Each structure stands twice: as C-alpha cells, then as structure tokens.
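> One structure, pasted below without further comment.
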Amino acid sequence: MLTRCATRLAHRLQSARRHFNSNVASTDGDAKARLGIIGVPFSKGQGKGGVEKAPALLREHGLVSLLEQVSHGNMEVHDYGDLQFDVDPIPTEAPEYSKIKNYGEFMGCNKALIRKVQEVLQESDQFLTIGGDHAIGFGSVAGHLQHTPNLSLVWVDAHADINLHNTSESGNIHGMPVSFLLKELRVFWQHAKLEQTAPVCLAADQLVYIGLRDIDPYEAYILNKLGIRAFAMDSVDKYGISKIIERTLDSLKPQNKIHVSFDIDALDKTVAPSTGTAVCAGLTLREGISVVEALRDTNRVQGIDLVELNPSLGNEQDVKTTLASSLEILKSICGYKRSGNFANIKMDLFETVEN
C-alpha cells in the first residue's frame, strides 16, 4: 500500500516538475518583479505625534527582507528612503482653507509624493507607501493616477476620510484625502489648483470602502449622493467577509490596476491598539488578511499604502501587537500564502522514488 502511494506521489511530482520546468524555461530571461518602497513620515494630518516613526520601525523589524522572502525570490525590493518635502503656502484667495490644520504641510508633502510615486513607477512594477497618517493617501493615489489613469481604489479603513474643508468638525486633514481624489468633488477644492499637480481624477464608481464604522454625517451624505460602494462593519457581520470581497471584486473594472490603501485602524483595536483613532468592533486580523489576499490574487495590485501605525501610543505590548499585524498585512499582500507555496522547491529530491 505504501509503495503504491509513493509511486503515485512520484508520478504527480514528476508531472509537476515537467510543468514547472516548462514554465521556467519560458520566463528565465525575464527580470524579477520590482517593488519600490517610499517612506512618508508625515504626522500633520492629525494631532497625535509618533505616527511619523512608523516607517523607521517597520524597516528596523526587517520589512525589506521579509517582503523579499515571501516572494520566494520572484521580487526585488528597493527602498527609496523617506520622502523629502517643503511647506506650501495657504492660497490667499481661499481664506476658508485656514480652518484646515497644517494645510501647507499637507500640500507640500503630497505634491512631493505625487512626483515620487510617478518616479518609482517608472522603475518598478509596484510601489508601497508606508506612513505616516492617512493624509498621505491623497499623494499616493494621485501620483498613481497620473501614471496609471485606469485605476480602482480599495480604501480599507474605519473612517471614510472624505470630508471637505467646510464639513470637517476637527479640521484634521487626514479625514479629507479621498475628497481631493474624486472627480465629482474637485469643485470644492478649486483653490488648491489640483489641475496643475494631479489633473487625473478617480471616478466615484471605482472607489470601494471596506471596514467603515465611524462615519461623519456629511461623509455619509457624500457616500450616498455619489453612490459609492461602502461596506461598513455591519455589512461584514451580516454577509461575511467572503461575500464582501466578492462584491468588491465585482465592482472593480477588470481592466484596471488596483490601489489598496490600508489604514491599520480598519482592524479591531484588540489586534491594532497603537493607532491614533482606534475604533472597536473592526476587522479581525484574519479578515484583513483575507481582503488583501483576494486583491493580491487578481495580479492587478500596483499600489499599496500602510498607514496610521503609531509606536508612541499604548504600552510596549500594544506596539508589538500593532507592528505584528501591520507586517502580516504587508507580507500577505506582497506574496505570502497561508496555503503554502511549492513553486521553488527542488524537485530532484524526489527522483529516488521509483516506479
């Protein structure tokens, strides 16, 4: 019985080896896929210091080597270092913008990021932006749009981040980046001169939210008015994450590349406590991983953000827990498969199993 099992295993492995070798033969001359990392230690989109330390923390805990490892040698990771930027002046013709906290820093950072993303995509197949707070989502996605106009955006977050300058109660601009991106809302930002730095906009029907559970009233109105697909946590609870993923994928144009902007506060505070606006009853880590795995498996993810990890919040264990969750999300979207991967094993180890 054992001999017959060994024989069948040998046949299957030999068949797999022939199939694998034929695929390798056709791609041996191809270069490895290339991922470019941009650190954006920006914290001015909200009031809690420390989020600017996250890029360094992730690097210190082996981010680059981890992503190379999970790709099984199929991806080259290049770290472009941290973004450098100047402060923009507040437009004199728009005094209402003065109610936005740190508007000049926000625009200066994001204009630089728009340019940097395009530069990285000239040299890379994918890019990863590590924040920093979610205010950088504007520059990351806008830069991506200028390079790749046919783009869909999946915003994984507890918050909608779609306030306008005149609807935000706090004035914190990390709650506004999506409104800068949408074609339908550009009229509200006419004095920001976005047509000069980011003329290509995102269509509202190519934006999908997952994980929402803290939405301001005006944000809820905008989502409803524009018909934006927003899967809040009550939908996740009602239908399950598999159905939410299915409906998300059905919403994205199949020819489009995908940008995934992941705020770590999308996860429940039990697995991501060290973040500035933690909200109870969020995604489990397994649900978060399932979301990014499904998007990864489309082979269309070209841009990724990971934001709002704040090492200055909580105790040592809180930071360790949030860091571990962040790395799990990143390694999953960049190639790690929970079901295993045997693409690069040495098939000749099984040649001793004879008929």
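The values are calculated or read from the model by the stated rules, or taken from the named source; none is laboratory data. Quantities reported herein were computed from a predicted structural model and do not represent experimental measurements. Cβ atoms come from the backbone with ideal geometry, glycine included; neighbour counts cover every protein chain shown. For the accessible areas, the whole protein counts, side chains as well, though only heavy atoms, and no ligand, DNA or RNA atoms are used. Shrake-Rupley method; radii C 1.70, N 1.55, O 1.52, S 1.80 Å.
> Quick check on my filter: what residues within segment 219-242 are open to solvent by 30 Å² or more (accessible area, probe 1.4 Å) and under 21 Å from residue 203 (Cβ atoms)?
Once the filter is applied, which keeps residues that are open to solvent by 30 Å² or more (accessible area, probe 1.4 Å) and under 21 Å from residue 203 (Cβ atoms), segment 219-242 yields 220, 221, 224, 225, 226, 227, 229, 230.
> Would you be able to tell me the number of residues in segment 185-218 that are crowded, with 19+ Cβ neighbours inside 10 Å, touching a Leu at 6+ places or on another chain (Cβ under 6 Å) and either at negative phi or in a helix (DSSP H, G or I) (or both)?
Residues meeting the conditions: 3.
> Restricting attention to segment 324-347, which residues are at pLDDT below 70 and either closer than 22 Å to residue 302 by Cα or assigned to a helix (DSSP H, G or I) (or both)?
Once the filter is applied, which keeps residues that are at pLDDT below 70 and either closer than 22 Å to residue 302 by Cα or assigned to a helix (DSSP H, G or I) (or both), segment 324-347 yields only 347.
> Let me ask another. Report whether or not residue 156 is more than 24 Å from residue 80 (Cα to Cα), of a type outside the set (Ser, Thr, Tyr), surrounded by 24 or more Cβ atoms within 10 Å (Cβ to Cβ) and under 19 Å from the mean Cα position of the chain (by Cα).
Judged against the criteria, residue 156 is a match.
> With 77, 120, 87 as the choices, which residue is open to solvent by 10 Å² or more (accessible area, probe 1.4 Å), of a type in the set (Val, Ile, Thr) and either under 18 Å from the mean Cα position of the chain (by Cα) or closer than 24 Å to residue 257 by Cα (or both)?
77
> Moving to a separate point now. Go through (1) open to solvent by less than 40 Å² (accessible area, probe 1.4 Å); (2) assigned to a loop (DSSP other than H, G, I, E, B) and name the single condition residue 314 misses.
(1)
> Have a look at 282, 303, 288 and point out the one that is at pLDDT 95 or above, in contact with a strand residue (DSSP E or B) (Cβ under 9 Å, 6 or more places away or on another chain), within 23 Å of residue 143 (Cα to Cα) and among the small types (Gly, Ala, Ser).
Testing whether each residue is at pLDDT 95 or above, in contact with a strand residue (DSSP E or B) (Cβ under 9 Å, 6 or more places away or on another chain), within 23 Å of residue 143 (Cα to Cα) and among the small types (Gly, Ala, Ser) leaves just 303.
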